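Engineer: The structure that follows is given in the form of structure tokens.
The values are calculated or read from the model by the stated rules, or taken from the named source; none is laboratory data. Predicted model, so just to flag it, every value in this text is computed and none were measured. Methodologically, a virtual Cβ is constructed for each residue, glycine included, from the backbone with ideal geometry; neighbour enumeration extends over all protein chains shown.
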Amino acid sequence: MNASRRGTTSGTGTATNMNAEADTGARRSAPRASRAGVIALAVAVGMAVAGPWFGPFAADLAVKMMILSIFALSLQLLVGLTGLVSLGHAAFLGIGAYAAARLSLADGEASIPTLMGAAVGAAALAALVIGALSLRARGVYFIMVTLAFAQMAFFIVHDTPVGGGSDGLYLYNRPSWGPIDMENRLHGYYLVLASLVIAYALLALIERSRFGAALAGIRVNEQRMRAAGFGTYGYKLAAFVIAGGLAGLAGFLIASRDAAVNPELLSWHVSGEVLLMVILGGIGPWHGAVIGAVAFTLLKELFGTHALIGPLADHWQLPMGLTIILVVALLPRGLVGLAARTPR
């Protein structure tokens, strides 16, 4: 009886302490989150105003960076908020892209909401199945299981007619919806920008919710969360599905921009690149994922340009790797850590 009473009291105390710690952390991070939100809003407004003034190259580069930012944000939900490191995240990017392309082939007049819904839904469904199996493993085993599933998805689209083989699939017409036509460069630019803003806002809302607090608790100490009565498996699976759906959104945008998809979207090095974006920008803050995606894209363009670095551009992976090593060594918190080092 006394032991039971002590166990109940101990469990209640644990939950109370966790709530208190969460409230304290929320109060400390609120001002920083507010500042980051204001800066993100200002950047989005600036991008919207600058859109019509971009030339073709600058606009295409900006669209690429914004799509990769959505992709990196989806992984940040797993790595930065939940503490789940996945090496198979490209599977959901590719599944979303292929779902949009397949539906476009079936209905050449498919609209943007239809293709977008199909991409997000297919990627989320795949994430539900893969996550339900992968989340049974932990640590390095979870990493390897996600990689294995991604490789399975890669070979399915590469070696079977469903994905068009190594050539991939082509969209006969880019999707449209009312006055919005993805054939129009400016329309595509604003659709991608709007998608990025919505994805960023959604993740910010998730972080501030009870669901986000539970995910943060799982990242810090999953065993303690289970002891407090939280069903951590369900929370992690929900986060995995949301992350997969957002990656599918990025896949739809890639398919709409290029009017083509290919198996390389699901390859293991794409999963590695998006993980590098998160590490480069900074694990944790949402703007860290965006900064990492922008920095990675710009560095790739820089190191791959013969006019700037000469013959070394043929081996751009070498200077890119050295740069990332330096950033990780000098800035353990990523590029967002520069703000903490800046004197005020």
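Engineer: In the list 282, 248, which residue meets the criterion of being on the phi > 0 side of the Ramachandran plot and crowded, with 23+ Cβ neighbours inside 10 Å?
Structural biologist: The unique qualifying residue is 282.
Engineer: Assuming residue 192 fulfils every condition listed in (1) β-branched (Val, Ile, Thr); (2) modelled with pLDDT under 95; (3) buried (at least 23 other Cβ atoms within 10 Å of the Cβ) apart from one, which condition is it?
Structural biologist: The one condition residue 192 does not meet is (2).
Engineer: Specify the residue that is surrounded by the most Cβ atoms within 10 Å (Cβ to Cβ); the eligible residues are those in segment 285-334 that are within 22 Å of the chain's Cα centre (by Cα) and assigned to a loop (DSSP other than H, G, I, E, B).
Structural biologist: Only one residue fits best here, namely 334.
Engineer: When the residues of segment 86-131 are narrowed to those that are modelled with pLDDT under 95 and among the β-branched types (Val, Ile, Thr), which ends up surrounded by the fewest Cβ atoms within 10 Å (Cβ to Cβ)?
Structural biologist: 114
Engineer: Please go through segment 167-195 and give me each residue that is under 15 Å from residue 70 (Cα atoms) and free of Cβ contacts under 8 Å to residues at least 60 places away in the same chain, ordered by number.
Structural biologist: 194
Engineer: Filter segment 44-72 down to the residues that are β-branched (Val, Ile, Thr) and crowded, with 16+ Cβ neighbours inside 10 Å, then identify the one that is farthest from residue 274 (Cα to Cα).
Structural biologist: Across segment 44-72, the extreme among qualifying residues is 63.
Engineer: Then there is this: Whether any residue in segment 216-229 is of a type in the set (A, V, I, L, M, F, W, C), within 24 Å of residue 95 (Cα to Cα) and in a helix (DSSP H, G or I) is what I want to check.
Structural biologist: Of all residues in segment 216-229, those of a type in the set (A, V, I, L, M, F, W, C) come to 216, 218, 220, 225, 227-228.
Still in the running and within 24 Å of residue 95 (Cα to Cα): none.
No, every residue in segment 216-229 fails to be of a type in the set (A, V, I, L, M, F, W, C), within 24 Å of residue 95 (Cα to Cα) and in a helix (DSSP H, G or I).
Engineer: So which of 198, 206, 254 ends up being modelled with pLDDT of 90 or more, of a type in the set (Val, Ile, Thr) and either farther than 16 Å from residue 113 by Cα or assigned to a loop (DSSP other than H, G, I, E, B) (or both)?
Structural biologist: One residue alone meets the criteria, 206.
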